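Structure first, then comments.
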């Protein structure tokens, strides 16, 4: 069952995120998803089907559970009163979007860099990236922040709103479970190489279309801000596929072209050097000023994206 949205649901949910941000409360569906993943992982690992198959059953079980629970809650609320069902959808979609939190976290690191407090910047950065941060200099920290803003623009804005527009809050929550699974078990290491393989592949499929659509809104936002969105498209065409992820390279290349900076490159993860190609090879280095520019670009792109989706569903 898909839920078709009333005209005000998407803009109100998005406005709540911009105004309030991510609520720091235990009453949070995404935190519940994380708790469910932690609880069920050891139980599915005990299956005798092999780690790849048990990881697939684990991911499918949690994804279907989220869809069933969310759908049931909305149906019950709607049976009481249609407006109550709409309120539930607004709240759930609001919980799925994280533009404000992404900007706040990035700017928090930026403020520490502006004070030349590299230690504080590294500690704050460690909360929002997966790479090792202990040896990063100012340029490395700034580059990591801009990359995170670019990648999470898809995970935290474009994809959840895309799926909300297609299938309402249930599909938005399904996407968030897929994304949370990938962030918790979708690693290529000894622990999750096999068990997390299905979760990582499902996340790749879920983000495939949104990652590529994100390029268009970033190009439009760049044209509005700088009167020239062409470098975005040129960089994406030339270097968008230069990434280990089938999706992350596209928003990174879009932001690299928009800001005129070089992203990517080798990074350490859990003490191991991972050789990643640079994206935006013809551009200059990232500095602290680019963090604010990346956040402004991300927020304008988010506004344009929700406007496009709103026009599509009304």
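Read-outs: derived from the displayed coordinates by stated rules, not from any lab. In this text, all values refer to a predicted model and were calculated from it rather than measured experimentally. Positions of Cβ are generated from backbone atoms using ideal geometry, with glycine treated the same way; all protein chains shown enter the neighbour counts.
Going from the fewest other Cβ atoms within 10 Å to the most, the residues 255, 14, 44 appear in the order 44, 14, 255. Given their separation in residues at 0.36 nm each and the Cα-Cα distance between them, residue 230 and residue 26 gain 69.1 nm when the chain is fully extended.
Across segment 1-138, Cα-Cα pairs farther apart than 20 Å form 64% of the total. Taking label positions 7 Å along the Cα-Cβ direction at both residue 278 and residue 126, the computed distance is 2.9 nm, reported to one decimal. Contact order, relative form, for segment 9-313: 22 percent (alpha carbon pairs under 8 Å, 6 or more residues apart, mean separation divided by residue count).
Over the chain, dividing the summed -39,500 (n - 2.57) contributions of all DSSP H runs of at least 4 residues by the number of residues returns a 222 nm mean residue ellipticity of -23500 deg cm²/dmol. Going by neighbour counts of Cβ atoms within 10 Å, the residues 18, 263, 113 line up, fewest first, as 18, 113, 263. Given their separation in residues at 0.36 nm each and the Cα-Cα distance between them, residue 304 and residue 287 gain 3.5 nm when the chain is fully extended. The ranking of 107, 84 by Cβ neighbour count inside 10 Å, starting from the fewest, reads 84, 107.
Counted residue by residue at 0.36 nm each, then reduced by the alpha carbon distance between them, the extension gain from residue 52 to residue 104 reaches 15.0 nm. If you build a Gaussian network model of the chain, linking Cα atoms that sit under 10 Å apart, which residue out of 168, 130, 186 swings the most? Sorting by GNM fluctuation, first place goes to 130.
Give me the Debye-computed log₁₀ of I(q)/I(0) at q = 0.16, 0.22 Å⁻¹ for segment 61-174, equal point scatterers on Cα only, no solvent, two decimals. Values returned for q = 0.16, 0.22 Å⁻¹ are -0.76, -1.05.
Here the simple spin-label model places points 7 Å from the Cα toward Cβ, and for residue 191 and residue 61 these points are separated by 1.9 nm.
For the pair residue 134 and residue 205, label points projected 7 Å from Cα toward Cβ lie 3.9 nm apart.
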